[in-house]
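Take a look at the structure below.
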Amino acid sequence: MAHFGRVSTAMVTPFDNKGNIDFQKTSQLIEYLIDNGSDSLVVAGTTGESPTLSTEEKVALFRHVVKTVNGRIPVIAGTGSNNTYASIELTKKAEATGVDAIMIVAPYYNKPNQEGIFQHFKAIAESTTLPVMVYNIPGRSVINIHPETIIRLADISNIVAVKEASGDLDAMTHIIANTPDDFELYSGDDGITIPVLSIGGQGIISVASHIIGNEMQEMIQAFLNGSNKEAAKLHQQLLPIMKGLFTAPSPVPVKTALQLKGLDVGSVRLPLVPLSESERMSLTELLNSYK
């Protein structure tokens, strides 16, 4: 049985017009996501603008999401950083709020070697009883967690999954083939959900599920049921939306798309900026063409 389901949404963090976390909007967003295909939620990840959230804000957000979700789906807290000891401290605070798991991003900027990466994740995992998801995203962290390092990490009892945003299907295949059967690999890129499933992946940590969550579930179920042509057709239909939500730095487009759907989650924090008028028009046209 999957720990986190097939479609886990990397949830945006709603802000009010002063740039503070808007907890009322957060509650509305959670209900919308649960009703629209999200099997679990990742809170304060990249899409949640984690680099601009303070520790106190993250803990308050974790606490609020856990309370609102009330056990209906798993809540995964983003507690990783490039500071091992700070990550341990935040992980302990997250565990106290009642989250179901934590996600730890590769330590960015410091550029540790593979042994340093292994020891970073090991130290954090040993500081908590919670399940741990490793997050490999070389496009943002500059370092790539090698498959052999992930395979080593999978031997640690509470490291149960990896979010692979490298786009490297060969590396993912190697990881899946050499980790325990209950170790789960999730795609970090919406556009390769079906290819990742086809090599034995578990599902997707998704941004697009904010907008097309039920449709992504339909696509995944078609594939799992052996209806490959139907799954491929759905993938072809959904791909423009998936790509359109990354035409500007994320989560700017997806927050705008939610607003266009009538779910106001506020703007983004600097250094991110809102879409230009032309970008907004293009996104509006894309969403309208899909309806």
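Observations on the structure shown:
- Projected label points at ASN20 and THR284, each 7 Å from Cα along the beta carbon direction, are separated by 3.1 nanometres.
- Charge context of SER187, other residues only, Cβ under 12 angstrom, K/R +1, D/E -1: -3
- Debye log10 I(q)/I(0) for segment 244-291, one point scatterer per Cα, at q = 0.17, 0.22, 0.26 Å⁻¹: -0.43, -0.72, -0.99
- The alpha-carbon positions of the chain define a convex hull whose volume is 120 Å³ per residue.
- Working from Cα pairs under 8 Å separated by at least six residues, relative contact order for segment 175-225 is 29 percent.
- Segment 267-276 - phi-based ³J(HN,Hα) in whole Hz, Karplus 6.51/-1.76/1.60, Gly and Pro as x: 9, 10, 8, 4, x, 6, 10, x, 4, 5
- Dimensionless Rg over Rh [segment 6-92; C-alpha; Kirkwood]: 0.95
- Those lysines that a straight Cα-Cα span of less than 26 Å connects to LYS122, excepting residues fewer than 8 apart in one chain: LYS58, LYS92, LYS93, LYS111, LYS163
- Relative contact order for segment 200-262, counting Cα pairs under 8 Å that sit 6 or more residues apart, in percent: 34
- Segment 35-145: C-alpha gyration tensor shape, a/c 1.5 cut-off, then a/b vs b/c: prolate
- Note: relative contact order over segment 40-124, using C-alpha pairs below 8 Å and six or more positions apart, is 31 percent.
- Using a probe radius of 1.4 angstrom, the carbon and sulfur fraction of the accessible surface of segment 166-291 is 53%.
- Computed log10 I(q)/I(0) for segment 134-212 at 0.12 Å⁻¹: -0.30, from the Debye equation with unit scatterers placed on every C-alpha and solvent omitted.
- Segment ILE156..GLU126, full-extension length gain: 9.9 nm, with 0.36 nm per residue of separation and the alpha-carbon distance subtracted.
- The simple spin-label model puts a point 7 Å past each Cα toward its Cβ; for GLU89 and LEU270 those points are separated by 2.6 nm.
- Calculated FRET value between ILE199 and GLN236, using beta carbons and R₀ = 22 Å, to 0.05: 0.65
- Principal axis box of segment 57-114, alpha-carbon based, largest edge first, Å: 40, 18, 14
- Surface analysis of segment 176-291 yields an accessible area of 47 Å² per residue, using protein heavy atoms and a 1.4 Å probe.
The values are calculated or read from the model by the stated rules, or taken from the named source; none is laboratory data. All values derive from a computational prediction rather than experimental measurement. Virtual Cβ from ideal backbone geometry, glycine too; neighbours counted across all protein chains shown. Heavy atoms of the whole protein, side chains included, go into the accessibility calculation; ligands, DNA and RNA do not. Shrake-Rupley method; radii C 1.70, N 1.55, O 1.52, S 1.80 Å.
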